[in-house]
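Below is the structure I would like to discuss, written out as structure tokens.
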Amino acid sequence: MKKTKQYTFLQFLAALILSGMLLSCQSERDDLPPPNIVWITSEDNSKHYLKLFDENGVSAPNIESLARQGLVFTRAFSNAPVCSVARSTLISGCYGPRIGAQYHRKYIPVPMPDSLQMFPWYLRKAGYFTSNNQKKDYNIIEGKGVWDESSGEATWRNREGDQPFFHVFNIGISHESGLHFSSQEMDSIPTETSENSFKIQPNHPQTPTFAYTNAYYRDKIRVMDGKVGEVLDQLRKDGLMDNTFIFYFGDHGGVLPGSKGYLYETGLHVPLVVHIPEKYKHLIHMPTKNTVQGFVSFVDFGPTVLNLAGIPIPENMDGRPFLGPKITTDELNARDVTFSYADRFDEKYDMVRAVRKGKFKYIRSYTPFNPDGLVNNYRYKQLAYQEWRAMYAVGGLNEIQSAFFEAREPELLFDVEADPFETVNLADQTDYENVLSDMRQTLDTWAKGLRDLSFFPEHHLIEQAFTDPVTFGNEQHESIKRYMAISNLSLSSFGEVKSQLIAGLQSPDPWERYWSIIVCSSFGKRAKSLENQIGKLALNDSELINKVRAAEFLGIVQSSNPSEIMTQALYESKKPSEALLILNSIVLMQSSNADYMFNLDINKIAPMVAEDSQVKRRLDYLIPKG
């Protein structure tokens, strides 16, 4: 008993001493001003091109230097694979399909939800100087008070005295446009990176064009790293390295064919390194020079900055912080889920959602009859894209390489650790039934809770929702769940759901008819027995887009030529976004194996439609000049 009392007293004494030390230390830390925070972003590059993250990448000494007193996040993800949607997620801390910011390029900007502000606004309110150099590309109305400076000249050096700052520096050298070289340039401009120093990913043709494009892009990564070094040199010169958190990350994936714009790992999995400043190590409850295995995504970045700055995180943000007070190593490394979304990229529509959970990736294609390779003019400026398509047209690709140009399954399931380029679909393998069911339920639960607005066509959202997207989503929550339930009929056998599809085709709700037709198109010839019901909708539906979707079904099953109905609907449309969705179906039909031909007369298209920039892209493809 005596021994126990002595031990208890010593333990109590030690606790008192330690408590005093901690209080003293905390007091010293409370005297510190808030930390500075810098984001350095590079455009269009996934983690695959940096040796720090992937053995197939090149060395980037400036980015690597951040890891010497920092954290390397090996599982960081953009929630969207294209600039404006990804950046809207970053600046808002909200998922795009919930707030109406999911379309690239926007037809109209949407307001921030409820009373929420873009996160730098909260920093300014707390006394921070905020500067952005310089890309924004938001699909959201910015509002006042977000940036003190936003321009090509914006710098933290314009703040007052030792005012804490948040600075964003964007590097465009790695952007997709850098790969728009000509065949003559390819023949005459040598690359610094050896074409034998990496492996071409297995879903790409193993050709000189792809080898050169890979090497050329790795050269761009080296130049980009030099730009990172210039920013770091400025911070060192100003004596700011010890009190500034520095984030380096790619703004989404890319940029070889089939990456940017797609929900594959090459489109979403980004490099992220965070330098932890010496004076603020106490804010990070994990050792530096460390690798973080936990999942983080763009929706979390804004809340993380606010947390590091000691600013309360607004409840309406969807993300959660991954650095700062109360974030432990074990809790962070236990995070293993990320969600992503794709809707429209310039003129190309294709609604896709995905979830990665641990090593498994589930991709849900809601219009799986649209191949990944459906024409998008900007993508096909790249020689590698052009060659890939040309080789497919003449049968010069293997099965894995050809998949990009063919209809997909509604559900794709990949083990991305064993199959990093997502080439082997496990969804139909009995060994993975439980995994598939769990991933499907995880995604459905997320989308329902989100009130995913994309279950309405974009032109309807523009007319009815985009003045207040979140309120619209809340009001239409039950409708969205019904449309989701109809879309998920494509995951059963046709015989099991035929009667439900017939009921949906006869529904007074136009969007129940819309999704019922799309599901029939997903089934293809298995749903051919419904061609009479769907044929009536092609002629008589009250919604132009439903006439087009019905004609699309008839074209897919090769029951009748859809060109006349689709063309007439295009001429009747007075809404650019509606016409663009019609044109998406026209391009699909013209590029299908049935070779349906469309002779469009631009003079019969409404001027406000024909003059729209995205519609012009489609018309440039469908009506070649000269």
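Need pairs with beta-carbon distance below 8 Å; first residue touching a residue at least 12 places away in the same chain (Cβ under 8 Å) and under 16 Å from Asn593 (Cα atoms) and within the stretch 384-396, second assigned to a helix (DSSP H, G or I) and open to solvent by less than 50 Å² (accessible area, probe 1.4 Å); sequence gap 6+ or separate chains.
As it stands, the answer is Arg389/Tyr380; Arg389/Phe405; Met391/Gln401; Tyr392/Gln401; Tyr392/Ser402; Tyr392/Phe404; Tyr392/Phe405, since those pairs meet every condition given.
Restricting the stretch 245-281 to residues that are crowded, with 22+ Cβ neighbours inside 10 Å and of a type in the set (Ser, Thr, Tyr), which is farthest from Ala390 (Cα to Cα)?
Going through the qualifying residues, I end up with Tyr248.
When you go through (1) at pLDDT below 95; (2) within 25 Å of the chain's Cα centre (by Cα) one by one for Phe53, which number turns out not to apply?
Here Phe53 clears every test but (1).
Need pairs with beta-carbon distance below 8 Å; first residue in contact (Cβ under 8 Å) with a residue 24 or more places away in the chain and within 15 Å of Leu179 (Cβ to Cβ) and within the stretch 189-204, second open to solvent by 70 Å² or more (accessible area, probe 1.4 Å) and of a type outside the set (S, T, N, Q); sequence gap 6+ or separate chains.
Thr193/Arg222
Residue by residue through the stretch 609-626, note down the ones that are open to solvent by 80 Å² or more (accessible area, probe 1.4 Å) and not in a helix (DSSP H, G or I).
Correct list: Glu611, Pro624, Lys625, Gly626.
Only one residue in Ser402, Ser487, Ser454 is free of Cβ contacts under 8 Å to residues at least 12 places away in the same chain, among the small types (Gly, Ala, Ser), open to solvent by less than 50 Å² (accessible area, probe 1.4 Å) and assigned to a helix (DSSP H, G or I), so which one is that? Even if it seems obvious, please write down each step before you answer.
On the way: Ser487 fails: free of Cβ contacts under 8 Å to residues at least 12 places away in the same chain; Ser454 fails: free of Cβ contacts under 8 Å to residues at least 12 places away in the same chain.
Going through Ser402, Ser487, Ser454 in turn, just one is free of Cβ contacts under 8 Å to residues at least 12 places away in the same chain, among the small types (Gly, Ala, Ser), open to solvent by less than 50 Å² (accessible area, probe 1.4 Å) and assigned to a helix (DSSP H, G or I): Ser402.
Could you check the stretch 491-525 and list, in sequence order, the residues that are farther than 15 Å from Glu552 by Cα and of a type in the set (D, E, K, R)?
Glu496, Lys498, Asp509, Glu512
Which of (1) among the small types (Gly, Ala, Ser); (2) touching a helix residue (DSSP H, G or I) at 6+ places or on another chain (Cβ under 7 Å); (3) assigned to a helix (DSSP H, G or I) does Ala215 not meet, given it meets every other one?
Ala215 satisfies every listed condition except (2).
In addition: For Gln533, indicate whether it is modelled with pLDDT of 95 or more and on the phi > 0 side of the Ramachandran plot. Steps first, answer last, please.
Values: modelled with pLDDT of 95 or more: yes; on the phi > 0 side of the Ramachandran plot: no.
It is false that Gln533 is modelled with pLDDT of 95 or more and on the phi > 0 side of the Ramachandran plot.
Of the conditions (1) surrounded by fewer than 16 Cβ atoms within 10 Å (Cβ to Cβ); (2) assigned to a helix (DSSP H, G or I), Ser542 clears all except one; give me its number.
Answer for Ser542: the failing condition is (2).
Scan the stretch 357-368 for residues that are in contact with an Asp or Glu (Cβ under 8 Å, 6 or more places away or on another chain) and in contact (Cβ under 8 Å) with a residue 40 or more places away in the chain and jot them down. Give the derivation first.
In the first step, residues of the stretch 357-368 are kept if they are in contact with an Asp or Glu (Cβ under 8 Å, 6 or more places away or on another chain); the result is 357-365, 367-368.
The answer is Lys357, Lys359, Phe360, Lys361, Tyr362, Ile363, Arg364, Ser365, Thr367, Pro368.
Conditions tested, residue by residue: (1) open to solvent by less than 40 Å² (accessible area, probe 1.4 Å); (2) touching a strand residue (DSSP E or B) at 6+ places or on another chain (Cβ under 6 Å); (3) within 16 Å of Lys260 (Cβ to Cβ).
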position	(1), (2), (3)
Gly161	no, no, no
Glu176	yes, no, yes
His180	no, no, yes
His204	yes, no, yes
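Okay, moving on. When you scan the stretch 514-535, do you find a residue that is in a loop (DSSP other than H, G, I, E, B) and farther than 16 Å from Pro368 by Cβ, even just one?
Initial filter on the stretch 514-535 (in a loop (DSSP other than H, G, I, E, B)): none.
No; the residues of the stretch 514-535 include none that is in a loop (DSSP other than H, G, I, E, B) and farther than 16 Å from Pro368 by Cβ.
Check whether at least one residue in the stretch 382-394 is of a type outside the set (A, V, I, L, M, F, W, C), modelled with pLDDT of 95 or more, buried (at least 19 other Cβ atoms within 10 Å of the Cβ) and part of a loop (DSSP other than H, G, I, E, B), and report yes or no.
Yes, there is a match, as at least one residue in the stretch 382-394 is of a type outside the set (A, V, I, L, M, F, W, C), modelled with pLDDT of 95 or more, buried (at least 19 other Cβ atoms within 10 Å of the Cβ) and part of a loop (DSSP other than H, G, I, E, B).
Of the numbered conditions (1) assigned to a helix (DSSP H, G or I); (2) in contact (Cβ under 8 Å) with a residue 12 or more places away in the chain, Leu412 satisfies every one except a single condition; which is it?
Of everything listed in (1) assigned to a helix (DSSP H, G or I); (2) in contact (Cβ under 8 Å) with a residue 12 or more places away in the chain, Leu412 misses just condition (1).
Here is a follow-up. Looking only at the stretch 595-608, count how many residues are open to solvent by 40 Å² or more (accessible area, probe 1.4 Å) and either closer than 24 Å to Pro368 by Cβ or in a helix (DSSP H, G or I) (or both).
Of the stretch 595-608, the ones open to solvent by 40 Å² or more (accessible area, probe 1.4 Å) are 595, 597, 599, 601-604, 607-608.
With either closer than 24 Å to Pro368 by Cβ or in a helix (DSSP H, G or I) (or both) added as a condition, the list becomes 595, 602-604, 607-608.
Of the residues in the stretch 595-608, 6 are open to solvent by 40 Å² or more (accessible area, probe 1.4 Å) and either closer than 24 Å to Pro368 by Cβ or in a helix (DSSP H, G or I) (or both).
Can you name the residue in the stretch 461-481 that is open to solvent by 40 Å² or more (accessible area, probe 1.4 Å) and assigned to a helix (DSSP H, G or I) and, of all such residues, is farthest from Ser516 (Cα to Cα)? I'd like the intermediate steps shown before the answer.
We begin by selecting, within the stretch 461-481, every residue open to solvent by 40 Å² or more (accessible area, probe 1.4 Å); these are 462-464, 467-468, 471, 474-476, 478, 481.
So of that shortlist, the ones also assigned to a helix (DSSP H, G or I) come out as 462-464, 471, 474-475, 478, 481.
Details: Ile462: 22, Glu463: 23, Gln464: 22, Thr471: 26, Asn474: 23, Glu475: 22, Glu478: 17, Lys481: 14 Å.
Out of the qualifying residues, it is Thr471.
The values are calculated or read from the model by the stated rules, or taken from the named source; none is laboratory data. Here the structure is a predicted model, which means the values were calculated and not measured. Note: ideal-geometry Cβ built from the backbone for every residue, glycine included; neighbour counts use all protein chains shown. Just so you know, the surface numbers come from the protein's heavy atoms only, side chains and all, with ligands and any DNA or RNA stripped out. Shrake-Rupley method; radii C 1.70, N 1.55, O 1.52, S 1.80 Å.
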